[in-house]
Amino acid sequence: MTVAISIGSGKGGTGKTMIIANLAILLAKRGKKVCLVDLDLGGADTHILLGLFEPKRTLTDFFTRRVDSLAEVVHTFPSLYGLSFIPGSGDTLQTANINFQEKQRLLRGLQDIDCDVLLLDVGAGTNYHALDFFMHSDLQVCVALPDPTSIMDLYTFLQLATIRKMLASFLSQSEVAATLKSRSFQSLGEVFELAEATQAGSREKAQEGLRYFHPLLIVNRDRAGGQVNKTKLRMMVGKYLGIDIPELGDIPEDDKVDRALKGFLPVCEMYPQTPASQALQAIAQRLDKVLSLFADKAPATAAG
């Protein structure tokens with residue numbers, strides 16, 4: 001059973017890609033068959049963190065049909081515990097702005113990747129591609145810095161992600177979907193009310209779509225005073241979005257992270273004993289436990 005985990009953030013600069021590259025390696029080190037996919041269309045750079053400067057194949061080859069399947073784009077790193085990696089695109093306007101059909105072809109292709117864990121590095125921000133890739137997973141992880149602007153950016157990201165998730169509950173051409181797309185909202189309650197007013201029974205259908213949406217939070221470059229902002233974020237998403245965001249872990253400010261980036265290696269490999277690496281190892285351990293829960297539920301789901 002493959003478990004897909006997406007990692008997103010409200011804006012760039014949070015260290016999201018650094019985090020997912022390290023977690024991919026740490027989960028592979030723990031014995032998982034991991035495939036990391038760079039879905040930051042238009043700004044792909046995960047390959048650089050892995051020391052892969054000129055990938056032989058990228059998602060561009062898949063979009064332009066120079067290859068027939070995503071399997072032909074996969075790079076494997078024997079020295080990084082067998083980690084598999086699909087480099088992103090973005091070197092042309094065409095691949096940075098794929099249409100709906102191309103996006104669906106990509107999502108179908110991802111389902112055929114042979115792995116235990118599919119890690120999706122989603123582009124930062126609130127464009128449709130980022131939101132759709134973020135929500136197209138079994139488990140969502142969001143990254144923020146411990147400052148007010150980053151927290152607000154993440155809140156906006158989660159607000160739009162929840163609305164996008166709800167829209168997926170309805171046919172794209174339905175009256176409810178058309179009405180919701182044309183309005184802005186201050187809270188999810190307003191969305192539920194308008195959906196119900198447009199068509200009876202829509203509130204329950206929309207709420208069902210969010211039942212299992214509980215994104216996990218990682219705060220990067222944590223420092224003294226950040227706890228206040230994290231508490232405010234949890235209160236806001238609970239009050240206005242009606243969801244919970246459990247903390248997956250905090251990563252402290254650590255100058256070894258920048259040194260590792262300049263050395264084109266994940267910090268967990270270059271400086272495994274540094275505070276940031278220790279925090280990442282703890283997060284990987286927690287994720288591994290969550291993956292075990294998914295595995296335990298799989299037989300029951302199949303039997304049902």
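Yes/no matrix, rows are residues, columns are (1) at pLDDT below 90; (2) closer than 14 Å to I19 by Cβ:
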position	(1), (2)
V257	no, yes
K262	no, no
P272	no, no
A279	no, yes
I283	no, yes
R286	no, yes
V290	no, no
K297	yes, no
A302	yes, no
With a cut-off of at least 2 residues that are under 30 Å from D258 (Cβ atoms), name the helices (runs of 4 or more DSSP H) lying wholly within the stretch 124-228. 128-135, 148-167
Options K11, K56, K32; residue that is assigned to a loop (DSSP other than H, G, I, E, B) and more than 24 Å from E269 (Cβ to Cβ): K11
Of the numbered conditions (1) over 18 Å from S6 (Cβ atoms); (2) surrounded by fewer than 17 Cβ atoms within 10 Å (Cβ to Cβ); (3) of a type in the set (A, V, I, L, M), I151 fails exactly one; give the number of that condition. (2)
Starting from residues that are of a type in the set (G, A, S) and closer than 24 Å to D255 by Cα, keep the ones in the stretch 270-295 and report whichever is surrounded by the fewest Cβ atoms within 10 Å (Cβ to Cβ). A282
Tell me yes or no: at least one residue of the stretch 198-207 is closer than 26 Å to V143 by Cα and of a type outside the set (V, I, T). yes
For the stretch 27-71, how many residues meet the condition of being of a type in the set (D, E, K, R) and either in contact with a Lys or Arg (Cβ under 6 Å, 6 or more places away or on another chain) or modelled with pLDDT of 95 or more (or both)? 5
Is it true that K239 is within 30 Å of S187 (Cβ to Cβ), touching a Pro at 6+ places or on another chain (Cβ under 9 Å) and part of a helix (DSSP H, G or I)? no
Residue check, N99 against (1) buried (at least 22 other Cβ atoms within 10 Å of the Cβ); (2) under 21 Å from G43 (Cα atoms), all met but one. Which one? (1)
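Restricting to the stretch 83-109, what's the tally of residues that are at pLDDT 90 or above and among the small types (G, A, S)?
In the first step, residues of the stretch 83-109 are kept if they are at pLDDT 90 or above; the result is 83-88, 101-109.
From what's left, among the small types (G, A, S): 84, 88, 109.
So the count comes out to 3.
Within the stretch 110-148, which residues are of a type in the set (V, I, T) and modelled with pLDDT of 90 or more? Explain how you work it out, then say what you get.
To start, the set of residues in the stretch 110-148 that are of a type in the set (V, I, T) comprises 113, 117, 122, 126, 141, 143.
Hits for the stretch 110-148 are I113, V117, V122, V141, V143.
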Output for Cβ contacts, cut-off 7 Å, separation at least six or different chains, first residue crowded, with 21+ Cβ neighbours inside 10 Å and among the small types (G, A, S) in the stretch 44-69, second assigned to a loop (DSSP other than H, G, I, E, B) and at pLDDT below 90, reads A44/S89; A44/G90
Among the residues of the stretch 177-184, are any crowded, with 22+ Cβ neighbours inside 10 Å and either at positive phi or touching a Ser or Thr at 6+ places or on another chain (Cβ under 6 Å) (or both)? no
Give me a count of the residues in the stretch 231-257 that are charged (D, E, K, R), crowded, with 19+ Cβ neighbours inside 10 Å and in contact with a strand residue (DSSP E or B) (Cβ under 6 Å, 6 or more places away or on another chain). 1
Yes or no: A195 buried (at least 18 other Cβ atoms within 10 Å of the Cβ) and in contact with a strand residue (DSSP E or B) (Cβ under 7 Å, 6 or more places away or on another chain)? no
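The values are calculated or read from the model by the stated rules, or taken from the named source; none is laboratory data. On a predicted model such as this, the values are computed, not experimentally measured, just so you know. Glycine also receives a Cβ, built like all others from the backbone with ideal geometry; neighbour counts cover every protein chain displayed.
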